[in-house]
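As structure tokens, the structure follows; a few thoughts come after it.
The values are calculated or read from the model by the stated rules, or taken from the named source; none is laboratory data. Only a predicted model underlies this, so the values are computations on that prediction, with no experimental measurement involved. Don't worry about glycine lacking a Cβ; one is built from the backbone with ideal geometry, like all the others, and counts go over all protein chains shown.
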Amino acid sequence: MTVKPSTTTKGAGKISVSVHFVRAVLKHAIGAGIDPVALLRRYRIPPRLLREDQARISVQQFADLQTGTMVAMGDEALGYTGRPLPLGSWDMMCHAVITCQTLGQALHRYCRFFQLLDGGFPIMLSTDDGDVRVIMDQSAVARGDYFAELGFLITHRFACWLVQEEIPLLEVDFTHPRSARAADYRLMFVGNPVRFEKSLIAMHIAGSLMDKPVTQTPESLRRYLRHPMLLMLTTSFNFSWTSRVREQLRRDLLHLAELKDVAQHLDLHPQTLRRRLATEGSTFKQIKSDIRRDTALHYLGKRSLSVEEVAHRSGFSEASAFIRAFKGWTGLTPYAYRKGL
């Protein structure tokens, strides 16, 4: 993914990422002779956030940091695998896959491509009772669990991009214990079931989906490769009820709609919507708070806006209420956060 991390995508930045994943990206930077503090500052991330377990950064910052760290290390696997994954591997895989006719052909070629790299991304395709499993070799997590999570995230998001629609997952299994909040994994895998401490690292997909046609083209691939990590993290096909509610609430942050109004727009009874959100581990109240938090993180990166204006755009009528909420979200005041950018 050897792109310049300055490219922007429409709608980027309105999602936030836990500092847990920032630490994971930087885990092997020092061993590779890279100064993690310098990397953080390059991408306008206050280094002191790493000490705050509840802190979050915008998805734009995270995508830039992850891509920039890969470039600095010369390794698209971020030091997690037995051998470095050479820069440009993802780009070449995309060119190899884009001419496939179906999702099944694409996943087969995807896995085959990385098998040829001998250790950089040990992944294979298997059929089990008609369903398909993408299996990752245990060696992929020899130096930490994050690469397994990242590997399945990009595999799933890339598959969705290829067919331009949701690819539901039967389940995603990891051998390691859960290390971040359950809500973060729901966000990563868009509400699909994620299980930990299982016997295999595997992503299960219904075999009936393998005939879905690949609709992307070499021309659309050129646009995608400007910043694939950011695009994968921000493109939404409205997979879940949580994402649909977020989409409705974003329309007017200063006058956030009530549950009954959102439910009516989605043609649901309010209790039905509440139950569907609960099955995804979410609540209407939490979604409203998360939207305001993520919007604030996005706009604080724009120095032309005052803190008062950021508060207004994030749905707060008073700056004082915004400052209290922001400190609860990140452990820092908006002023201290911006000073570290």
What number of residues in segment 313-327 are touching a residue at least 12 places away in the same chain (Cβ under 8 Å), in a helix (DSSP H, G or I) and either surrounded by fewer than 21 Cβ atoms within 10 Å (Cβ to Cβ) or basic (Lys, Arg) (or both)?
4
Whether any residue in segment 34-51 is assigned by TED's automatic domain parsing to the domain that holds Leu225, touching a Gly at 6+ places or on another chain (Cβ under 8 Å), within 25 Å of Ala140 (Cβ to Cβ) and modelled with pLDDT of 90 or more is what I want to check.
yes
Report every pair of residues separated by at least 6 positions or lying on different chains whose Cβ atoms are under 6 Å apart, first residue within segment 183-207 and of a type in the set (Lys, Arg), second crowded, with 18+ Cβ neighbours inside 10 Å.
Arg195/Asp173; Lys198/Asp173
Would you be able to say whether some residue in segment 304-312 is surrounded by fewer than 14 Cβ atoms within 10 Å (Cβ to Cβ), in contact (Cβ under 8 Å) with a residue 12 or more places away in the chain and not hydrophobic (A, V, I, L, M, F, W, C)?
no
Residues within segment 156-172 that are more than 15 Å from the chain's Cα centre (by Cα), closer than 14 Å to Gln216 by Cα and hydrophobic (A, V, I, L, M, F, W, C), tallied
2
Given the conditions (1) on the phi < 0 side of the Ramachandran plot; (2) in contact (Cβ under 8 Å) with a residue 12 or more places away in the chain, report the number of the one that Gly130 does not fulfil.
(1)
Go through segment 174-191 residue by residue and tally those that are of a type in the set (A, V, I, L, M, F, W, C), within 14 Å of Leu277 (Cα to Cα) and buried (at least 18 other Cβ atoms within 10 Å of the Cβ).
2
Can you report the number of residues in segment 173-189 which are over 16 Å from the mean Cα position of the chain (by Cα) and in a helix (DSSP H, G or I)?
0
Any pair with Cβ under 7 angstrom, 6 or more apart, that starts in segment 261-290 at a residue that is closer than 25 Å to Phe316 by Cα and ends at one that is part of a loop (DSSP other than H, G, I, E, B) and not small (Gly, Ala, Ser)
Ala263/His269; Leu277/Thr283; Lys288/Leu256
Looking at Leu187, Leu254, Leu230, can you tell me which residue is among the aliphatic types (A, V, I, L, M), under 27 Å from Ala311 (Cα atoms) and not assigned by TED's automatic domain parsing to the domain that holds Leu65?
Leu254
Per the filter on segment 196-219, residues in contact with a His (Cβ under 8 Å, 6 or more places away or on another chain) and surrounded by 13 or more Cβ atoms within 10 Å (Cβ to Cβ) are Phe196, Met203
Among the residues of segment 231-243, are any buried (at least 20 other Cβ atoms within 10 Å of the Cβ), of a type outside the set (A, V, I, L, M, F, W, C) and in contact with an Asp or Glu (Cβ under 8 Å, 6 or more places away or on another chain)?
yes
Identify the residue in segment 192-244 that is assigned to a loop (DSSP other than H, G, I, E, B) and among the aromatic types (Phe, Trp, Tyr) and, among all such residues, is farthest from Arg275 (Cα to Cα).
Phe196
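Listed here are the residues, each with its yes/no results for (1) under 24 Å from Leu225 (Cβ atoms); (2) of a type in the set (Ser, Thr, Tyr); (3) over 21 Å from the mean Cα position of the chain (by Cα).
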| residue | (1), (2), (3) |
| --- | --- |
| Leu40 | no, no, no |
| Arg44 | yes, no, no |
| Asp53 | no, no, no |
| Ala63 | yes, no, no |
| Met70 | yes, no, no |
| Tyr80 | yes, yes, no |
| Ser89 | yes, yes, no |
| Val97 | yes, no, yes |
Go through (1) surrounded by 12 or more Cβ atoms within 10 Å (Cβ to Cβ); (2) modelled with pLDDT under 90; (3) more than 17 Å from the chain's Cα centre (by Cα); (4) farther than 30 Å from Gly68 by Cα for His255 and report which single condition fails.
(1)
Scan Phe196, Phe147, Phe121, Phe174 and give me the residue that is among the aromatic types (Phe, Trp, Tyr), at pLDDT 95 or above, in the same structural domain as Arg83 (by TED's automatic domain parsing) and out of contact with any Pro (no Cβ under 7 Å at 6 or more places or on another chain).
Phe174
Can you spot a residue in segment 237-248 that is touching a residue at least 24 places away in the same chain (Cβ under 8 Å), in contact with a helix residue (DSSP H, G or I) (Cβ under 9 Å, 6 or more places away or on another chain) and more than 30 Å from Cys94 (Cβ to Cβ)?
yes
Of the residues in segment 245-261, how many are of a type in the set (A, V, I, L, M) and not in a helix (DSSP H, G or I)?
4
